[in-house]
Amino acid sequence: MQYNAMVRGQIVIGSGEEKLSIPVSMKLPPDQPGSLVVDYTADKPEDATHLEVGKFADWVEQNLGPGVFDKTALPQSAQNLEVALKTLHLETTGTNFEMAVLLGSKGADNTWKAEWKPVSGFPLTLVDVTVDIKQV
Amino acid sequence: MLLSISNKSSSIPSFVSRLRGTVRLGAAEFNLKADLPVHEGAALSGANSSPLSFKHAISDLVELTDFSPQLPGDFPDLFFEEDTLRITVSPGGALLSGTAAGEWKNPFGVLKGLTLRNFQLNYSSANRTLGLAVDAEFGSARPKGRLLFDRGKLRIVAVTLDEINLGSILAKSLGIVWGPLNALILRVRDPAEPIRFYYCDGPAYAGYEEGFRVDQAAIEIAGHRAEVALSAAGGTATLAGRFLSDIDLGFLRLSAADDSRMGPALSVDEAERALRLDAGITFLGERLGTSTVAARPPSANGYELRGEIRATTDVLVFKTPDFIFTWSKAKGFHVDTWAMPDFPFDLSFVELLNKVPMRSACGPFSSEMVKQSIHTRFDLKARIDSGPESALRFTLNGRYRIFVDQDEVVSGQLPPNLTLLLKPDEFNFTALANGIRDAIHGSATALVQQLVDPTFPERSTQFLGALLVQPLPEEVANLIRCRGWSVAGPVPTSGPDPAASATSEREGEATPDRYARELRRRGMTAQQAASLIAGVYPALGPADLISLLRRHYPETVGTPLLMLWALDRAGVPRESAAQAFLTRTPDVKDAAFSAAVKTVDPHPRVEQTVKHLQRLQTSGLQAARQLKAAFPTFSATQIGYLLLVHFSQTVPDARAMGTALRGMGANYRQVRTAIYDLFPVLSPAEVEAVARSCFQGGP
């Protein structure tokens, strides 16, 4: 009889009360010895917990490094958005990291959408607004 | 678990981040991206991922701003090909830019001849004015253009030009021909504001006037710039504008009719095919009211300015100046005729009489001999042309009139073509009046010499009789006699004094004989004396006059021509003269008589031609040529006769006549014959000498 072993846990983005807790699991033994791989794709990131974009930027600065994602680099109207994790891929060897977070906010109907109206008073809307961070 | 990223090689990992999103416009998706980090704010940018209808894109764009798109019916179907319309979102706002291919000919059906291509959309959330830049083609010009929307409606198509030929716009877009005005070049009025050639659909918008219009243009007339605008409506075009300053030619200034600080206003006179300037006229420093001046661009032969100066009041001694002028840069200023009636200038006749050359020493006239209430007036016609060094050349012709006690006693032609130059520092009426006086004064000696010319004794008689205090003292009569001049009236021993006549009649001698003898003694020919005799003795009939002339002037009435000439001078009707001559000369040769009649009594058409040439103030030489050309069968004698009788100012003697005949092509023999026929007092040797002198000095 063959048995599979899994390592389960949570990846926490953010800190304190404002954080995203992402449930992850890794298969044991790994496909490549010595390298555990995490692949996460949110089913409905709009409905998940959201984090202020500033908090997310702080987390990125602390954990990935300064300048990777700077809140102030965003247009002013984007600095008040929230992020929702869409995908995450990391390998414990530390050589491959990718994540995509949606940027969005709650609309008048109180549902969270990954949309952004970049110009105040001008009805141009970007949908599927996403920040991709990738290790190179 | 906490995430901590590191790698086994312990080197610091590096990351890239990117922001992306999608915009949907006109059924096309735009995938916008921006690489992070950036130092000055992210700018997302992306293009259409599929072809996009221009109309759909415009529709969505204007609908974004709650307006309904309205494009004219002739607007073409245009497409933004894939990846040709770009949307950029930056901290400054949203910007759409891209180029749609295709072309729009004759936009709105109004801007005929214009083709638009490469519709370049450039829309910014910052000003939210929907506009398109376009490349345009108009004839050989490749201007840039723009399309402007007003709340979704395409209102304006405009192209900008640095310069354009007016005729090109009129012909291509309006189907109009304005003749010489077609050559006008429209240029920018301000380097920062090129010419606009546009159509505005509906009321004025965004600085554009309603309808078809070409504005922000300037033209140059007479070296002066005027701002103009061309508009068209209902098949009628209008060009209107205003000069930026007065048109100042120095002697002539055209200003605004209403004295505003701008120059004259202009419009188009389609009938004249010229620009019409409503101008205030200042000529030689005097404001002479307003006038309409026609203006045209330079051409080979035409004028650039043409107008009428019509003063309503006198200016100094000039009676209500009224004349038509033209001006062009090539030919300068020109006035064909400026009539200057009644120009006052009193001549000093004592001084002038004393200046007339004398054959022998005679004493001078003095002021007491001349009546005091003598005035001279001149009816002048001035021609004006541009002269050297920016001067104006006035050429004067006309008549003089001499008044005694306000009665006109003598009149006549001035020597032709008196000339004066008015220099730029003399462009005023005072200087002009002085110049005319100087010109007249310079010719006055010749004028008086002409008046006392013994060749025309009746004129001399009339002049001196009116000028000199009457009755003539013996001293004055001697002065006249000494000079060989003629004067009528009771001149002792020189006229038919009634008392003396009575005595003579008692002594058995008829008075006309005595008078004829006296006139001959003064050196007159029969032709010169005949009119005086007939004037004093009007009762003499043709037969008696023929007898009288034959008795006293046999040398100068020896041919039928000479006799008929004398009778003509005496005022004898031509038919009566011929009849009397034939009666008293039955043996006359037919050919000689016929030739004489043809000469003295030419066809009315000949007389008409002569009068025409006189009106033109043609010189004797020119008259000879034109008479010969008009009547090629005429002999040298016939033409010589016409010159002596009708052009005596320039053909006063045998040599002048011979020279004129030679100039018209007569040979030596013909000239000699004419002199022989018409100057009987000359001996054969003198005739030969004069004829030879006419052929000396070149062909």
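Here are some notes:
- Tilt relative to chain A, helix A:53-63 - C-alpha long axis, 0 to 90 degrees, to 10: 40
- Gain on full stretching of the segment that runs from B:Arg310 to B:Asp601 - 0.36 nm per residue minus C-alpha separation: 100.3 nm
- Amide N of the stretch B:444-473 lying under 15 Å from the label point, which is placed 7 angstrom from the Cα of B:Cys482 along Cα→Cβ: B:473
- For the stretch B:17-161, the number of Lys pairs separated by eight or more positions or lying on different chains, with C-alpha atoms closer than 22 Å, is 8.
- Computed label-point distance, nm, for sites B:Asn106 and B:Arg669 using a 7 Å Cα→Cβ extension: 7.8
- Within the stretch A:1-66, chymotrypsin sites (Phe, Trp or Tyr not before Pro) in DSSP loop having at most 15 other beta-carbon neighbours inside 10 Å: A:Tyr3
- Annotation for B:Arg187 and B:Arg655: the two label points, set 7 Å from Cα along the Cα-Cβ direction, are 5.8 nm apart.
- Binning all Cα-Cα separations of the stretch B:331-494 at 10 Å, short to long from zero, yields these whole-percent fractions: 10, 36, 28, 16, 8, 1, 0.
- Among the chymotrypsin sites (Phe, Trp or Tyr not before Pro) within the stretch B:43-87, not one is in coil by DSSP while having at most 10 neighbouring Cβ atoms inside 10 Å.
- Diffusion coefficient (Stokes-Einstein, Kirkwood radius over C-alpha pairs, 25 °C, 0.890 mPa s) for the stretch A:5-134: 155 µm²/s, rounded to a whole number.
- In degrees, nearest ten, helix B:474-483 long axis to first principal axis of chain B (Cα): 70
- All Cα pairs of the stretch B:290-411, percent lying beyond 26 Å: 44
- Counting charges near A:Leu102 (Lys, Arg +1; Asp, Glu -1) among other residues having Cβ under 12 Å from its Cβ returns a value of -2.
- Label-zone membership for the stretch A:52-86, site A:Lys19, 7 angstrom Cα→C-beta point, backbone N under 15 Å: A:52, A:55-56, A:58-60, A:62-63
- The lysine pair tally for the stretch A:5-134, using Cα distances under 13 Å and a gap of 8 or more places or different chains, is 6.
- Cα-only Debye scattering, the stretch B:17-161: base-10 log of I(q)/I(0) at q = 0.18 Å⁻¹: -1.02
- Gain upon complete extension [B:Asp590, B:Arg615; 0.36 nm per residue less C-alpha separation]: 5.5 nm
- Put in line by how crowded their Cβ is, counting other Cβ atoms within 10 Å and starting with the fewest, B:Cys362, B:Cys694 read B:Cys362, B:Cys694.
- Neighbour-count order for B:Val572, A:Val136, B:Val188, fewest beta carbons within 10 angstrom listed first: A:Val136, B:Val188, B:Val572
- Within the shell defined by Cβ-Cβ distances under 15 Å, the residues around B:Phe593 carry a net charge of -2, with Lys and Arg each +1 and Asp and Glu each -1.
- Spread over its residues, the convex hull of the C-alpha atoms of chain B is 280 Å³ per residue.
- Simple spin-label estimate for B:Ser367 and B:Phe67 in nanometres, 7 Å along Cα-Cβ: 9.2
- Taking Cα atoms only, the orientation of helix B:560-569 departs from the longest principal axis of chain B by about 70 degrees.
- Charge sum, other residues only, whose C-beta stays under 10 Å from B:Met563's C-beta, Lys/Arg counted +1 and Asp/Glu -1: +1
- Paramagnetic reach from B:Glu29 in the stretch B:83-104 [backbone N under 18 Å; point 7 Å along Cα→Cβ]: B:83-88
- Efficiency of FRET between B:Asp248 and B:Tyr205 - r from beta-carbon atoms, R0 22 angstrom, step 0.05: 0.05
- Loop-located trypsin sites (Lys or Arg not before Pro) in the stretch B:582-648 whose Cβ has at most 13 other Cβ within 10 Å (DSSP): B:Lys589
- Ratio of Rg to Rh over the stretch B:588-652 (Cα coordinates, Kirkwood Rh, two decimals): 0.98
- Highest mean packing first, where packing is the average number of other Cβ atoms within 10 Å per residue, the peptides B:345-355, B:554-564 line up as B:554-564, B:345-355.
- In this calculation the C-beta distance from B:Val409 to B:Glu272 is compared with R0 = 56 Å, giving a FRET efficiency of 0.75.
- Normalised radius of gyration (Cα atoms, divided by 2.2 N^0.38 Å) for the protein assembly as shown: 1.87.
Where a number appears in this text, it was derived from the coordinates with a stated rule and is not lab data. Being a predicted model, the structure only gives us computed values, none of them experimental. Methodologically, a virtual Cβ is constructed for each residue, glycine included, from the backbone with ideal geometry; neighbour enumeration extends over all protein chains shown.
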